[in-house]
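Asker: Sharing a structure, written as structure tokens. Questions coming.
Laboratory data are not the source of any read-out in this text; all were calculated from the coordinates shown. Since the model is a prediction, treat every value here as computed from it, not as a measurement. No Cβ is skipped: glycine too gets one built from the backbone with ideal geometry, and neighbour counts run over all protein chains shown.
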Amino acid sequence: MTLLTEKDFGTPPAQSTKLVTLEIDGHTVTVPEGTSIMRAAMELGTQIPKLCATDMVKPFGSCRLCIVEIEGRKGTPASCTTPVAEGIKVKTQSDRLLQLRRGVMELYISDHPLDCLTCASNGDCELQDMAGAVGLREVRYGFEGKNHIAARNTDSSVNASYKPKDTTNPYFTFDPAKCIVCLRCVRACEEVQGTFALTVDGRGFDGQIAAGMDEGFLASECVSCGACVQACPTATLMENTVIARGQPEHTVLTTCAYCGVGCSFKAEMRGDEVIRMVPWKDGGANEGHSCVKGRFAWGYASHKDRITTPMIRERITDPWREVTWDEAIAHAASRFKAIQAKYGKGAIGGITSSRCTNEEVFAVQKMVRAAFGVNNVDTCARVCHSPTGYGLSKTFGTSAGTQNFKSVDKADVIMVVGASPTDGHPVFASRLKKRIRQGARLIVIDPRATGMVRSPHVEAVHHLALLPGTNVAVINALAHVILTEGLENKAFIAERCDTAEFARWADFISDPRHAPEAVQDITRVPAAELRAAARLYATAGNGAIYYGLGVTEHSQGTTMVMGLANLAMLTGNIGREGVGVNPLRGQNNVQGSCDMGSFPHELSGYRHISDPSVRGLFERDWNVTLDSDPGLRIPNMLAAAVDGSFKGLFVQGEDIAQSDPNTQHVTAGLAAMDCVVVQDLFLNETAAYAHVFLPGTSFLEKDGTFTNAERRINRVRPVMAPKTGKHEWQAVAELASAMGYAMAYSSAAEIMDEIARLTPGFARVSFKMLDERGSVQWPCNDAAPDGTPIMHVKGFVRGKGRFMLTDYVATPERATGRFPLILTTGRTLTQYNVGAQTRRTGNVAWHPEDILEIHPHDAELRGISEGQLVSLSSRVGQTTLRAHITEGIPVGVVYTTFHHPVTGANVITTDYSDWATNCPEYKVTAVQVGLTNAASDWQNQWTEHRAASTRREARRQ
Amino acid sequence: MTAAFETETETLTRMANQIAGFFSAYGEAEAAAETATHINAYWESRMRRGLLAHVAAGGVGLSPIVLAAAVKINRPA
Ligand code: SF4
Ligand code: SF4
Ligand code: SF4
Ligand code: FES
């Protein structure tokens, strides 16, 4: 195990296919046209000294350390900004170059503290390296003159050039005294992250880096992605963990456990302690970038609240008692068996988690089907992207996004629907913004002015700010315009789609009731704007659709997914780079948990449980008889629990008591059960209703795979042994065995082999293969041995693409006199889902509580001013939170997040759900908002119950 | 923590009507067939049993498409 140091080529790769051959120091090298001389030299293994260049960002040519000589050309050009040319002869080293470089270094060092031995960058400082590389032996200029290093001048007057450290960001420190003003940070913030938070204040010697208007990093628009820290060649921008703990000594490659982007990281370690996480350049999804969550917010894994010992209790009002693994598992098994004996087999079930690995998820669904003998297994994807699975499989034939992330680099017009990538999928948002800065046009369909609508150098051409709940009316109107104005792709439809279904659909959609003019009163989207957006999407070249939970979490979630698929087929935007229909998956392994057969009606690879040949395959492999009837979905389980026929639940790494809608219904269901087993890191909200707690492992301990939103299977590698003494899949296999079905694996790799054996799209996947290739996008089998970055290239998976009739049906959840506003919910960048992880990290610096966003007009009507406590009530519940007044939300709509349990945002949301999948309608709840000065009854009861239900018996000696 | 929840029958009625609502664009006969197929593919036996019992008891609140679909819904053992 060593520290993995990635090669820095100095400048980004050139994209040209034309090759150029040149000579560097007598060696011949051939590179794409447009490559810098610096990069070409690095291809040969020659590292030209450099300071301001790094291959994350475009060259800038300011330090002049990278100078070279070119035969027949005058002067000493900078190799980072000089492109290669056919036949040139370059010298990277000569006496003249050496002298010039030393001169440059001398100037830098004369304004840099010489505290190398005690500096956090010691051993990892490019300035130090360059001093060595150019053979710097003396610095003739003293520190007495003008400098940025000392707070006071030698005459003890105040040094106006000195700026103290900025420690406002919880994760990194900015020490201006060490800055060499190379501007790598500024460029990283602009080019890689796209936030434009950093500037240079002043010119020449007075030039200094400032965050925002010099208000410090935390208060500025900085989103703490860390790209600048990574780009900085000195200790000026430095991770606090490195300052506190020293430099790392070995690397483990792994995958972020937060969102569905699935960024690859180098976990840089000292022993079994994580020193820092650095995004991996070769990561297929992120290519060296990250966000604040993945890079910095991993401290929860060692938070004091973490439970690492199994616990049980008789009743949920009893204190928890720590027990051995064997005792906990035996207890759970005997309770489950007793329930089945008394109430029937179908009285128990399990929920898999999109935060767990494919292998862990697969183990749980196998336990439920084989050991419990039922199909009552569902995954938390039920409440986010289940409509994606249903909608895309009916139209295209697969339950997955069509593209890789990189594809967006070729998109000409991008439609972002019901998603806020800058919050939910930050690294993809950076890619998206980059493409828009290059000239692609953007259409945003969202009630809110999300971070995509207007930000530095990015602006949506059309923002269709629809009323929540009217998605389908909008998508139908878009299709109506394209078809009735003759903008459809006739050749694509004729060749690739079911023409009879198309004809029927064309009849349906051209009906004047779908015209933008006919629906604008319902949707609030002006017809002219909608028509313009439709024309743009249909005619601007490659059209790519990206969508989020603002599409799926509605009564008509599935209909809307079909509407998006219809639109892509109508315009021929499927089956090549730059186009497609792409769900942005919320949690890291939403795609994987769906792929792994954790829906009650299907086995892995989306094959229906009623199909005898599929069942037979599993029955032979598992040596068991499987039930052919679909099982209960999560909301059905809870309803059955309230009804009295469902009594036992195994919950893997999910927190349904916080994340699922109508909290009081969920908790009534949980409280009605005889045995709830929770496998998690923390005593979460659901654990308050549990009888058995099995401690789970954090991603730093897991061995397995996550599958991201682009179907990319990434390895998660343990950097330390499980703090609980057991892998989660081990505990699950032991529980299955205790229930009477022998289940045992010696490694996670063995589970993946079983998945590959039983799942056609995974046939060629193995840990060995992933370790060799880094990652692969399914399907990966004999037909596609290298995986499938883009789907439906030659034809749709289902054969011909099917246009579906997508009538708009208004949700029954409507604004009324009593509840005149519509509440819609979402996420924020720094918190993740129920917040169980991020609330236990420094990220609370940004989002310490959930806030209700309300339009100034609605606030004024109610006498609400900024920051005041307001009560938010719907027909199912009531809560209290603080108001934030903003024009980013339309009149008549309010918005909040669900990251903090005490807010209980889901106390407000209702049981209404998608017609096809029961995905809850989180995005539309009729509410009233009014001033208050007290917590709601629910919140008071929550506080009491929470304290009572998390009590633990005094630790036994 | 008290709250009034839908009864099981109300929930099933709402869900079945929603399914029928989607397929109604396909005309009554096809809609009934598709509604039944959907319920057979995704509803657990006690839900199907509950719905069929409600149909047998007169099916108050169910849409005509659901009532037409009922004959094709797999009756749980
Ligand atoms: S952390 Fe990211 S957003 Fe903040 S200044 Fe650095 S690059 Fe910009
Ligand atoms: S903070 Fe670092 S990257 Fe930015 S200008 Fe200073 S030395 Fe360069
Ligand atoms: S949270 Fe998402 S975008 Fe951020 S580092 Fe993790 S995978 Fe990447
Ligand atoms: S590295 Fe080329 S000018 Fe700085």
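Asker: So what J values fall out for region A:447-464 if you push phi through Karplus, 6.51 cos²θ - 1.76 cosθ + 1.60 with θ = phi - 60°, rounded to Hz, Gly and Pro as x?
Answerer: x, 9, 7, 5, x, 7, 5, 8, 8, x, 6, 9, 8, 5, 5, 10, 10, 8
Asker: Would you grab the residues whose amide H sits under 5 Å from the one on A:V894? Only those 5+ places off in sequence or on another chain, please, with H modelled 1.01 Å from N.
Answerer: It is A:I822, A:L823, A:T824, by chain and number.
Asker: Same structure, new question: What is the helix-to-structure angle for A:499-509, meaning the angle in degrees between its Cα long axis and the longest Cα principal axis of chain A, kept from 0 to 90 and rounded to the nearest 10?
Answerer: 90
Asker: Give the relative contact order (percent, whole number) for chain A; include only Cα pairs under 8 Å separated by 6+ residues. Numbers along the way, then the final one.
Answerer: Details: 2229 pairs, mean separation 123.8, N = 957.
Taking the mean separation of contacting Cα pairs over the length of chain A, I get 13 percent.
Asker: Show me the trypsin sites (Lys or Arg not before Pro) within region A:892-957 that DSSP assigns to loop and that have at most 10 other Cβ atoms within 10 Å of their Cβ.
Answerer: On the way: sites: A:K923, A:R946, A:R951, A:R952, A:R955, A:R956; in loops: A:K923, A:R951, A:R955, A:R956.
Here the sparse-neighbourhood loop sites are A:R955, A:R956.
Asker: Counting other Cβ atoms within 10 Å, which trypsin sites (Lys or Arg not before Pro) in region A:157-216 have at most 15 and lie in a DSSP loop? Present the calculation step by step, with values, prior to reporting the outcome.
Answerer: Numbers: sites: A:K165, A:K178, A:R184, A:R187, A:R203; in loops: A:K165, A:R203.
Answer in residue order: A:K165, A:R203.
Asker: Looking at chain A, send over the antiparallel percent of its DSSP beta bridges, to the nearest 5. Intermediate values should be presented prior to the final figure.
Answerer: Numbers: 63 of 108 bridges.
Taking every DSSP beta bridge with both residues in chain A, the antiparallel ones total about 60 percent.
Asker: Step through the residues of region A:309-322 one at a time and calculate ³J(HN,Hα) from phi using the Karplus curve (6.51 cos²θ - 1.76 cosθ + 1.60, θ = phi - 60°), rounding each to whole Hz and writing x for Gly and Pro.
Answerer: The phi angles translate into 10, x, 9, 9, 7, 6, 10, 6, 8, 6, x, 6, 10, 6 Hz.
Asker: May I pose another question? Given the C-alpha centroids of region B:1-50 and region A:852-905, what is the distance between them in whole angstrom?
Answerer: 34
Asker: For region B:14-72, what size does the Cα cloud have along each of its three principal axes, sorted from largest down, in whole Å?
Answerer: Ordered largest first, region B:14-72 gives principal extents of 27, 23, 19 Å.
Asker: Taking 1 over the mean of 1/r across every pair of different Cα atoms in region A:380-491, what Kirkwood radius in Å do you get?
Answerer: Working: mean 1/r = 0.0639 Å⁻¹.
After inverting the pairwise mean of 1/r, the radius is 15.6 Å.
Asker: Over region A:89-136, how many percent of alpha carbon pairs lie in each 10 Å bin up to the one with the longest distance?
Answerer: Each 10 Å bin holds this share of Cα pairs: 25, 48, 22, 5, 0.
Asker: For A:I67, which sequence-distant residues (separation of 5 or more, or a different chain) have an amide H within less than 5 Å of its own amide H, given hydrogens modelled in the peptide plane?
Answerer: A:S79
Asker: Rounded if a/c is under 1.5, else prolate if a/b is larger than b/c, else oblate: which is region A:48-114, with a ≥ b ≥ c the root eigenvalues of its Cα gyration tensor?
Answerer: On the way: a/c = 2.93, a/b = 1.44, b/c = 2.03.
Oblate.
Asker: Output the Cα-based Rg and Dmax of the protein assembly as shown in Å, rounding Rg to one decimal and Dmax to a whole number.
Answerer: When restricted to the Cα atoms of the protein assembly as shown, Rg and Dmax are 29.8, 99 Å.
Asker: Please sort by residue number the trypsin sites (Lys or Arg not before Pro) in region A:253-306 whose DSSP state is loop and whose Cβ has at most 15 other Cβ atoms within 10 Å. Walk me through the numbers before you get to the answer.
Answerer: On the way: sites: A:K266, A:R270, A:R276, A:K281, A:K293, A:R295, A:K304, A:R306; in loops: A:K281, A:K304, A:R306.
Counting only loop positions with at most 15 other Cβ atoms within 10 Å, the trypsin sites (Lys or Arg not before Pro) in region A:253-306 are A:K304.
Asker: Here's a follow-up. Fewest first, what order do A:L603, A:L770 take by the number of other Cβ atoms within 10 Å?
Answerer: Working: A:L603 24, A:L770 18.
Least to most surrounded, the residues fall as A:L770, A:L603.
Asker: Any idea what angle helix A:612-622 forms with the longest principal axis of chain A, computed on alpha-carbon atoms, 0 to 90 degrees, nearest 10?
Answerer: Orientation of helix A:612-622: about 70 degrees from the principal axis.
Asker: For helix A:557-570, report the angle its Cα long axis makes with the longest principal axis of the Cα atoms of chain A; keep it between 0 and 90° and round to the nearest 10°.
Answerer: Around 60 degrees separate the two axes.
Asker: Can I ask one more? Quick one: which residues, 5+ away or cross-chain, put their amide H under 5 Å from the amide H of A:F796? H built at 1.01 Å from N.
Answerer: A:G801
Asker: Then there's this: Could you give each residue of region A:42-53 its phi-based ³J(HN,Hα) in whole Hz, using Karplus coefficients 6.51, -1.76, 1.60 with θ = phi - 60°, and x for Gly or Pro?
Answerer: These are the phi-based 3J(HN,Hα) values: 5, 4, 7, x, 9, 9, 6, x, 7, 10, 8, 9 Hz.
Asker: With a/c under 1.5 counting as rounded, go ahead and sort region A:821-949 into rounded, prolate or oblate using the C-alpha gyration tensor (a ≥ b ≥ c being the square roots of the eigenvalues; past the cut-off, prolate if a/b is larger than b/c, else oblate).
Answerer: It comes out rounded by the Cα gyration axes.
Asker: For region A:915-955, what does the alpha-carbon gyration tensor say about shape, rounded, prolate or oblate, given a ≥ b ≥ c as the root eigenvalues, a/c under 1.5 as rounded, and a/b over b/c as prolate? Don't skip to the answer; put the middle values down first.
Answerer: Values: a/c = 5.76, a/b = 1.42, b/c = 4.05.
Cα axes put region A:915-955 in the oblate bin.
Asker: Hey, if you drop one equal point scatterer on each alpha-carbon of region A:355-443 and run the Debye formula without solvent, what base-10 log of I(q)/I(0) do you get at q = 0.23 Å⁻¹?
Answerer: Debye output, listed in q order: -1.22.
Asker: Taking Cα centroids, how far is region A:761-801 from region A:670-698 in Å?
Answerer: Between the Cα centres of region A:761-801 and region A:670-698 lies a distance of 36 Å.
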